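One structure below.
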Amino acid sequence: MKTLKRILGIVWIALAAATAYFCIVEFGLPKFSTGKQNDLVFGIIILFVLTPLIVLGLGTFGYYALKGEYDNV
């Protein structure tokens, strides 16, 4: 079970990297080039609020799983 938790830690870190790429390239940056105010606000919220929260949460969880912090659970 400990090995599975460590492998899933790697999966969570990879998921954090994929989420960062997807949120920035697919959601955030294209909204700046449309010129509409609604898209600009949505792009700012995605890039500066949601992306860091999601990526740091997944990355932290994966890091702790990889380090073995959840072995006692």
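The values are calculated or read from the model by the stated rules, or taken from the named source; none is laboratory data. All values reported here derive from a predicted model rather than from experimental measurement. With ideal geometry, Cβ positions are generated from the backbone for all residues, glycine too; neighbour counts draw on all protein chains shown.
Summary table below
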read-out: ILE54 vs. criteria free of Cβ contacts under 8 Å to residues at least 24 places away in the same chain, assigned to a helix (DSSP H, G or I) and either surrounded by fewer than 16 Cβ atoms within 10 Å (Cβ to Cβ) or not basic (Lys, Arg) (or both); value: no
read-out: Top-ranked residue of the stretch 1-38 - restricted to ones that are closer than 16 Å to ASP71 by Cα and β-branched (Val, Ile, Thr), ranked as modelled with the lowest pLDDT; value: THR3
read-out: Candidates PHE48, PHE61, PHE22, filtered to the one that is among the aromatic types (Phe, Trp, Tyr), under 17 Å from the mean Cα position of the chain (by Cα) and loosely packed, with under 12 Cβ neighbours inside 10 Å; value: PHE48
read-out: GLY35 vs. criteria free of Cβ contacts under 8 Å to residues at least 40 places away in the same chain, in contact with a Leu (Cβ under 9 Å, 6 or more places away or on another chain) and of a type outside the set (A, V, I, L, M); value: no
read-out: Pairs where the first residue, in the stretch 1-28, is more than 24 Å from ILE46 (Cβ to Cβ) and in contact (Cβ under 8 Å) with a residue 40 or more places away in the chain and the second is of a type outside the set (Ser, Thr, Tyr) and in a helix (DSSP H, G or I), C-beta under 6 Å, 6+ apart; value: LYS5/ALA65; ARG6/LEU66; LEU8/ALA65; GLY9/GLY62; GLY9/ALA65; GLY9/LEU66
read-out: Total residues in the stretch 57-73, condition in a helix (DSSP H, G or I) and of a type in the set (Val, Ile, Thr); value: 1
